[in-house]
Amino acid sequence: MQKTIKIDIVSDLVCPWCYIGQKRLSDAIKQSEYKFEISWKAFQLHPELGKDGMAKDEFLQNKFGPEGEGMFDKLKDIAVSESLDMNPELITNIPNTIDVHRLMILAKKHQKDHELATLLFKAYFVDGKDFSKTDTLVEVGKSCGLSKTEILTFLKSDEGRKEVLMEEEMYRESGINAVPSFIINNKYMIEGAQSADVFLEAFKQLEQ
């Protein structure tokens, strides 16, 4: 019987290292003989931002100073080395991601959260979509099969907000303060966008 490995991915969908880490995990999965059950967990990197987010250039300047401007360019080089597209010049806004995580909760009800995560990464890092706009979230949600009416009804309500905040608080209290973090079978945790080999070694450890 083929072994199933459960992986909880604690992530923020606008985190470039989460984008890169998810690709490295996918590469490891393709090299593995196991079955996988992937679950995405909410973590906001910038919960202090307002609903409209902040202009990317202003955000980078405030957070990193003069070095901030070139940070995405360095990350793009890493993404390209992983055969990932990344167009940081198209990104204009750093959003508050509470509604992004709420959309993930809605997708999870339809077993589409893993598909949606992939589409959200592409929308933000490749297409430069602004996640502070409800229309953007509707567009991405529809692309994985969710209905416009259901998405709008969900986002206009408070449904999922408490769940996101509680989930994030739980992980912060457990000691996670950066993403991505990958929790494997509730036993091993891999922090950061580690190489595919690190994931493969962790999978082997489960056999011991």
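Bear in mind these aren't lab numbers, they're just calculated from the coordinates by the rules spelled out. Because the structure is predicted, anything quoted here is derived from the model rather than measured. Cβ: placed from backbone, ideal geometry, glycine included. Neighbour counts: every protein chain shown.
Side notes on the structure shown:
- Environment charge of residue 180, counting only residues whose C-beta is closer than 9 Å and scoring Lys/Arg +1, Asp/Glu -1: -2
- Residue among 64, 43, 95 farthest towards the positive dipole end of the chain, charges placed on Cβ: 43
- Normalising the average separation of contacting C-alpha pairs (under 8 angstrom, six or more residues apart) by the number of residues puts the relative contact order of the stretch 30-147 at 29 percent.
- Whichever lysines have a C-alpha closer than 19 Å to that of residue 133, once near sequence neighbours (fewer than 8 apart) are set aside: 51, 56, 122, 142, 148, 156
- Unpartnered cysteines - no second Cys beta carbon under 4.7 Å - across the chain: 144
- Filtered trypsin sites (Lys or Arg not before Pro), the stretch 87-187: DSSP coil and at most 16 other beta carbons within 10 Å: 133, 187
- Ellipticity estimate at 222 nm from DSSP helix runs (n ≥ 4, -39,500 (n - 2.57)) divided over the chain, nearest 500: -14000 deg cm²/dmol
- Across the chain, the mean sequence separation of Cα contacts (distance under 8 Å, 6 or more residues apart), normalised by length, yields a relative contact order of 32 percent.
- In a fully extended conformation the segment linking residue 134 and residue 37 would gain 32.0 nm over its present Cα-Cα distance, using 0.36 nm per residue.
- Antiparallel beta bridges, as assigned by DSSP with both residues in the stretch 4-205, represent about 55 percent of the total such bridges.
- Along the chain, counting only GluC sites (Glu not before Pro) with a DSSP assignment other than H, G, I, E or B and at most 11 other Cβ atoms inside a 10 Å radius, the longest segment between sites is 49-206.
- For the chain, size of Cβ-based charge dipole, Lys and Arg +1, Asp and Glu -1, in debye: 680 debye
- For the stretch 137-208 and the stretch 1-39, distance of Cα centres in Å: 10 Å
- For the pair residue 110 and residue 157, the difference between a 0.36 nm per residue extended length and the Cα-Cα distance amounts to 15.1 nm.
- Separation of the residue 188 and residue 169 label points, Cα + 7 Å toward Cβ, nm: 3.3 nm
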